[in-house]
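Just below is one structure, and these are the notes that go with it.
The values are calculated or read from the model by the stated rules, or taken from the named source; none is laboratory data. As the structure is a prediction and not an experimental result, all values here were calculated from the model. Cβ: placed from backbone, ideal geometry, glycine included. Neighbour counts: every protein chain shown. Remember, those area values only see protein heavy atoms, side chains included, never the ligands or the DNA or RNA. Shrake-Rupley method; radii C 1.70, N 1.55, O 1.52, S 1.80 Å.
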Amino acid sequence: MALKYNPQEIEKKWQGKWAADHIYEVTEDSSRTKFYALTMFPYTSGDLHIGHWYAMAPSDVYARFKRMQGYNVLHPMGFDAFGLPAENAAINRGVHPHDWTMKNVEHMRRQLKSIGAIYDWNREVVSCLPEYYKWTQWVFLKFYHAGLAYRAKAPVNWCPKCQTVLANEQVVGEGFCERCGSQVTKRDLEQWFFRITKYAEELLDFSRIDWPERIKTMQTNWIGKSEGAEISFKLDHEDIEPKEIRVFTTRPDTIFGVTYFLLAPEHPLVPQLTIPERRDEVEKYIAWCRRQTEYERTAMGREKTGVFLGSYVINRLNGERVPIWITDYVLLTYGTGAVMGVPAHDERDFEFARKFNLPIRTVIAPPDWSGEEPEEPYTGAGVMVNSAEFTGLPSEQGYDAICNLLQSKGWGKSTVSYRLRDWLISRQRYWGAPIPMVYCDKCGVVPVPEEDLPVLLPSDAEFKPTGESPLKYCQSFVNTTCPRCSGPARREVDTMDTFMCSNWYFLRYTSPKTDNVPFDADKIKYWLPVDLYTGGAEHAVMHLLYARFFIKAIRDMGMVDFDEPFTRLFNQGTIIYLGDKMSKSKGNVIAPDEYVAELGADAVRGYLMFVGPWELGGEWSDSGIVGISRWLNRVWSLVETGYTSQAVKPGTEKELLHITHKTIKKVSEDLKKFRFNTMLASLMEFTNYLARVKEAGNIAVSLWQEAITYLLLLLAPTAPHLAEELWARTGHPYSIHNQSWPEWDEELAKEEEITLVIQINGKLRDKMLVPASITEAKARELVVGRERVKAYTEGKRIDKIIYVPGRVVNIVAK
C-alpha cells in the first residue's frame, strides 16, 4: 500500500539532508560557466509575507533550472538591515533597533530556509553588522579621496515625521515621503553628497544591459538630459562681486525675446540684488516659498507668483536692461538657478508675463503671423524676427549661429544640462552606518584612517528622532582625537543613507568572510557582473540607479573591470489580496508560515508561480493554493502506486514519446522566458496524460519509468522536496538536484501536420498545413484570418462555419 503524501515530514527531512551535505554550497570553478542569479535582499522591518515569497520562490526556480543545465550557480541571500523601516518599527515597539533587527533577521532566516531555496547560507550578509559596514565606510573614504564625496550646505528635503533628510528620489507623488507619506518640506543643512552627476551621461547608456524598457525610460527621464546653451547676462553693480549670471536654455534662438530674468528665491545673489525698498516684500516671499514643496512650486497650471528685486541684468546681444524677479517655479537645484524669461515662446513664462504685465515680444514667427502680440506662446520652429542680424533665419540655423556668436565673444557656449542632482547621503537618524569623518578646529574636515575602521555605532545612544542626529548627544561617540594633529575633534554625527549599504552587497556575497578587503578581486572577476537580478520596479531611480553609479565609480578607481552591476533585470509583479497590493501598511499581508505548515512549501511555491504571469502578479486565493496541493498529491499517487503493463497497444508508445518530448520542450522554453504559470500548466497536462496512460496500462514498463523520470526532473525546480523524495523512492541516486536538465528530441517533439482544406460556399478556395492536434476554435481563427479567405468574403456576411475535424473548414457566406 502506497504511503500518503506528507509534505511537512518530507520537507523537513530533505532540508536537513541538503544542509548536512552542503549540497548548495558553491565555489569558483573555472571549468564551468558561472551564473550569478540574485534577488534583492529584504528589509528587516518584520516578518516575510507572501509578497516577499513572490519575489523569491520563482527566482529560486529559475536558479535551480540553470543549475540543472550545468551552470555553476551563485544564488545568495542576506538582509538589508539598516535604515528607516527597521528603525521606525523598533521605535514604535519601544525596543532598540539592533535588538529588533537581529530578532527579525533570525526569524526571516528561518522563514527563508523553509522555502527550500538553494541559498548558500555561508555567504549571508547583514548590512548592520560592523564586519559589513566597516567596508561601507571604507568605500565612503575611497569616494572622498576620489573627489566623489563632498560636504555642502544646501536646501534639502525634510520629512517632519521621520525627522530626517530625504534624497530627491525618496520624495514621491505630490511631494510626499516615500516611507511614511508625510508632506515633505525644505531645510538648509550641511550635508554629505555623492557626485553622481559626474556619471550622468554614462548612466544614459543602456547598451550593455538587458533591462525592461520602462526602467530604462524612468532612469532616462530622471537623469533628464537637455541640450542647449549656457548664456551669460551681464551684472553691472559696483558692490556685487560677480559680474555675470549664467542661465541654461534649450532655446538660444529666442535670446532676443527675453523681457525679464528669473532667479530661484534661494539663489545666493538675491540678498545682494534686492534694493532696500523691496527687501521686506522679497524676504516675506522667500519665507513663503520655503514652506512650499518642490512639487507645489513646479506644478503645471499653478498660478504664477513672484517679486521684482528692483535690479537688472543686461542682455549682451541687444544691450537691453532686463528686470530681475524671483519666482517659486525656478529651483536652485536645477540648471543654474536662473532662467531667462521668454514669454512669447514658453508657456510658464507667458503666464508669468501676463500675471505681472511684462512685455511679450515675438522672435520666432508662428505660421501666418503678421506682427500682432500673441494670445498664446508659440513653442515651435519658424523664421526668426525682431532678432537683429539674425532676423530672417530659420530658427534651427539661428540656434547654431547664436551659439557660435556666444562662443566667439566669450558670452556662452553650447552645452548639456541634466535634471539629475548629486546624491544626498546624510541622514539625521541613528540606525545607519556612521560617516567616517571628523571635524578639527585646526585641521578642518579630516577622514578617519582606514586602519581605524569601523567607526562603531554606539549602542547607548538615544535613538529616538528629534530633528537632529541622535548621535550628536552621545558624547562618548562625538568627542574624539584628530587623526592628523592628535588634538580634540568631533565626529560626524549623521549616518549614511541605507542605499549606500545596498550599493555593493552583491560584491560582498562573493567573499563575505574576508576581513582585509571588502571583496576578493579574483572572486569578483569570476562571478561579476550579476547575470540575472530580480526584484521590484519601485527601485528604478533609487537602488538600481545608485548601484550603476557605484560600479562605474569603483571601476574608475581600478577596483573592478566591468561597467554595469546587473546584466539582466527582471521585475516581478505584485500579489493582490482583498483588492489591493499586499503590504504591511495596508494591513492585508498573509504570512506564508501557516500555509507551509498545512500544505507544504512546495504547494506555496507552486501556487505563487501559477497565480499569473510573474511580471504582472495576481490575486491570492486560498482555493487556488488548495488546487496546487491537490495536483502535487496526484503526482505523488501517480508515482507511488506503481504501474502495471497490461497489453502494449500499437501507436501509444509513439504518442507517449511525442507528449513527453513536447512537454520537455515547452517547460524548458517557458522557464527560459519566466513563464512559470504556463510551465506549470504544461506539467499539469502531462500529469493528467500520464494518469490516463497508467489507467490504460498499454505501454511498456520501461517507457513508463522513463516518462516518470522526466516528470520528476521537470518538477524538481518547482517542487524540490517532493521531486527529491519521489526520485529516491523510484530507485534513483541522490540527489535529483545534481542531475542534468532533460533535453528534448526535436523530431519526437514536433507536431504531426495535416492539410486542412478551406471551402467557401462549398468551393475549394485554399489549403493550409496545421498541427494534427489543432482544436476547432484554433482552426476557425486561422482560417478567418487568411488573406485569400478575406478576399473571397469581402463585403459578405459569414453565416456559418462548418468544421470537419482534421479535414475541412467550410465557410458559408452571403
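Worth a mention:
- Per residue Cα convex hull volume in Å³ - calculated over region 409-485: 205 Å³
- Centre-to-centre separation between the Cα atoms of region 672-724 and those of region 523-552: 36 Å.
- Rounded to the nearest 20 debye, the dipole magnitude of region 480-630 is 480 debye, with +1 charges on Lys and Arg beta carbons, -1 on Asp and Glu beta carbons, and the Cα centre as origin.
- Farthest towards the positive end of the charge dipole of region 613-668, among the residues Ser629, Gly618, Gln646, is the Cα of Gln646, using unit charges on the Cβ of Lys, Arg, Asp and Glu.
- Summed over qualifying helices (DSSP H, 4 residues or more, each -39500 (n - 2.57)) and divided by its residue number, the chain shows a 222 nm mean residue ellipticity of -11000 deg cm²/dmol.
- Around the amide H of Arg361, modelled in the peptide plane, lie the amide H atoms of Ala344, all under 5 Å away and 5 or more residues distant in sequence or on another chain.
- Treating each Cα of region 269-361 as one equal point scatterer and applying the Debye formula with no solvent, the log10 of I(q)/I(0) at q = 0.12, 0.14 Å⁻¹ comes out as -0.38, -0.53.
- Kirkwood-based shape ratio for the chain, expressed as Rg/Rh from alpha carbons: 1.06
- Which of Ala57, Ser127, Asn72, positive extreme of dipole for region 56-151 (C-beta unit charges): Asn72
- Global form of region 135-233, assessed from the alpha-carbon gyration tensor, a/c cut-off 1.5: rounded
- Percent accessible area from carbon and sulfur atoms, the chain, protein chains only, probe 1.4 Å: 50 percent
- Accessible surface ranking that places the most exposed of Trp411, Trp636 first, with a 1.4 angstrom probe: Trp411, Trp636
- His732 contributes about 50 Å² of solvent-accessible surface, heavy atoms of the protein only, 1.4 Å probe.
- Accessible area in square angstrom per residue, the chain, 1.4 angstrom probe: 43 Å²
- Protein-only accessible surface order, largest first, of Ser395, Ser702 at 1.4 Å: Ser702, Ser395
- Region 534-642: C-alpha gyration tensor shape, a/c 1.5 cut-off, then a/b vs b/c: prolate
- Among Thr298, Gln272, Asn318 the positive-end extreme of the charge dipole of region 218-343 (Cβ point charges): Thr298
- Summing Cβ point charges (Lys, Arg +1; Asp, Glu -1) relative to the Cα centre of region 266-349 gives a dipole of roughly 120 debye.
- log10 of Debye I(q)/I(0), alpha-carbon scatterers only, for region 31-144 at 0.13 Å⁻¹: -0.59
- Fraction of C-alpha pairs exceeding 17 angstrom in region 390-440: 65 percent, rounded to a whole number.
- Three-way shape call for region 1-79 based on the alpha-carbon gyration tensor, with the a/c threshold at 1.5: oblate
- Region 501-512 - phi-based ³J(HN,Hα) in whole Hz, Karplus 6.51/-1.76/1.60, Gly and Pro as x: 5, 7, 4, 9, 4, 5, 6, 5, 4, 6, 7, x
- Surface listing: Met582, Met557, Met218 arranged by accessible area from highest to lowest gives Met218, Met557, Met582, probe 1.4 Å.
- Across Lys13/Lys113; Lys134/Lys513; Lys103/Lys581, pairs whose alpha-carbon gap is larger than 21 Å: Lys103/Lys581
- Given charges at beta-carbon only (K, R positive; D, E negative), |dipole| of the chain in Debye: 1480 debye
- Sequence-distant lysines (8 or more away, or on other chains) whose Cα lies within less than 28 Å of Lys662: Lys66, Lys649, Lys654, Lys672, Lys673, Lys694, Lys750, Lys767, Lys778
- Cross-link pairs beyond the 21 Å C-alpha cut-off, checked among Lys198/Lys523; Lys34/Lys525; Lys161/Lys586: Lys198/Lys523
- Calculated over region 383-533, the projected area of the Cα convex hull averaged across directions stands at 18.1 nm².
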